[in-house]
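Data first, discussion second: the structure below is written as structure tokens.
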Amino acid sequence: MSSRSEQRAATRERVLSAAEQLFAARGFETTTIREIAAAAGVSVGTVMAVGDKAAILVELFDRRISALHAARAEHGEAHRTGAVHGRLVDEILALFEPFVALFSSDPELTRQYAAALVTGKHEAGVFHELAAVLRREISDVLARGGCAPDAATRGATAIHLAYLGTLFVGAGAGGDDLNGPIEDLVSVVEFLTESQESEQQ
């Protein structure tokens, strides 16, 4: 017999899975809480105990982002502990590639995710624990490139904020093309890393 907490966790997973499938198939706006409940085989109240639609979407994105971090941590340890193999800008931009791919894969859901974050009503890992992971990864690259610890930390913060700007500007611009914001991110990373490199010379 499963414990009550295990049953709650299993129910939560059913709700999140049903919502994810419906958001992808029907879109965020047209999907209703009642439809999520029906797909998950639970009551509307049970879905609302997990969260409203925006809260559910934020959690789904945070899970995907966390999985990308975990995959890189699992497969990238040898690279992170080795020497720098290329330009700092290329190494840092490579850190962002899976996240840019995620946000580009469904621009409509990305817009809804960004809108949910702007309200400030929902806890988002992209601002907290996931932000700390990415900033640490960026800082590690800068440090391997010769930056002093304090400069690497400050540079990582600035680059991470530029990355968040890419998300919000791209989401707010409408359409399916994130090329403009991504080009802006590349320019910011190039400027910051070149500045860091010039200080080391």
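What follows is calculated from the coordinates using simple rules that are stated; it is not laboratory data. Everything numeric here is computed off the predicted structure, so don't read it as measured data. Cβ sites come from the backbone with ideal geometry, for glycine too, and all protein chains shown count toward neighbours.
General remarks:
- Among Glu59, Glu74, Glu35, Glu194, a tally of other beta-carbon atoms within 10 Å of each Cβ gives an order, fewest to most, of Glu74, Glu194, Glu35, Glu59.
- Taking other Cβ atoms within 10 Å as a rough exposure proxy, Leu16, Leu164 sort from fewest to most as Leu164, Leu16.
- For the range 90-165, the relative contact order is 28 percent, taking Cα pairs closer than 8 Å that sit 6 or more residues apart in sequence and dividing their mean separation by the residue count.
- Residue order, fewest to most surrounding Cβ atoms within 10 angstrom, among Ser139, Ser17: Ser17, Ser139
- Taking every C-alpha pair closer than 8 Å and separated by at least 6 residues, the mean separation divided by the residue count of the range 1-144 gives a relative contact order of 28 percent.
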